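Beneath this line is the structure, given in structure tokens, with notes to follow.
The values are calculated or read from the model by the stated rules, or taken from the named source; none is laboratory data. Because the structure is a prediction, the values reported are computed rather than measured. Cβ atoms come from the backbone with ideal geometry, glycine included; neighbour counts cover every protein chain shown. We work out accessible area using only protein heavy atoms, side chains counted, and drop any ligands, DNA or RNA first. Shrake-Rupley method; radii C 1.70, N 1.55, O 1.52, S 1.80 Å.
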Amino acid sequence: MQSVSSDRALEQLERVLASAAFHGAARSSALLKFLVEEAAGNRPERLKEYTIGAEALGKGDAFDPRIDPIVRAEASRLRGRLERYYASEGRSDPVLIVLPKGSYVPQIQARAETGEPAPARTAESTPTRSATRNRWLWLLAGVAVGAAAMAP
């Protein structure tokens with residue numbers, strides 16, 4: 001997938017915000033609007049937990065992300081809402097807005113040329129840390145057994 005212009009990113013933002021998936025979701029809408037506008041304005045350094053809580057979610061200067069988990073909670077809700085949007089009414093949209101786990105910087109990309117919807121990453125398709133670690137441990141164990149078998 002390729003990056004898109006700021007204008008196309010903002011057009012997609014408006015399309016998503018006008019959808020049924022975001023109807024009545026004021027916090028998710030405010031958060032998505034803030035994230036996409038900052039990213040489209042080439043200001044990714046502003047997409048930090050404190051700034052998002054204080055400005056996008058209206059918590060003000062006294063917001064402390066160490067005490068109040070609202071940004072993490074709302075980002076999680078937003079990810080789910082975006083997945084639902086792209087699985088339904090946004091399945092043929094030309095632009096995708098994705099909020100990767102562990103980041104507040106949205107990825108805004110043109111959909112693949114096939115016209116097929118991009119596969120949604122679900123909990124079932126995303127390996128957990130322990131599953132990934134277990135795979136590495138089995139691989140290392142196999143290498144160790146192979147090396148021991150080849151030793152003189």
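Where helices (runs of 4 or more DSSP H) fall wholly inside the range 1-93, the ranges with 3 or more residues that are farther than 26 Å from A112 by Cβ and within 18 Å of the chain's Cα centre (by Cα) are 26-40, 70-87. Restricting the range 1-30 to residues that are touching a Phe, Trp or Tyr at 6+ places or on another chain (Cβ under 9 Å) and of a type outside the set (F, W, Y), the residue that is most open to solvent (accessible area, probe 1.4 Å) is A20.
Listed by first and then second residue, the pairs linking a residue in the range 1-12 that is farther than 12 Å from R111 by Cα to a residue that is modelled with pLDDT of 90 or more and of a type in the set (D, E, K, R), with Cβ atoms under 8 Å apart and 6 or more places separating them unless they lie on different chains, are L10/E37.
When the residues of the range 55-89 are filtered to those that are in contact with a Ser or Thr (Cβ under 7 Å, 6 or more places away or on another chain) and not hydroxyl-bearing (S, T, Y), which remaining residue is most open to solvent (accessible area, probe 1.4 Å)? Going through the qualifying residues, I end up with R77.
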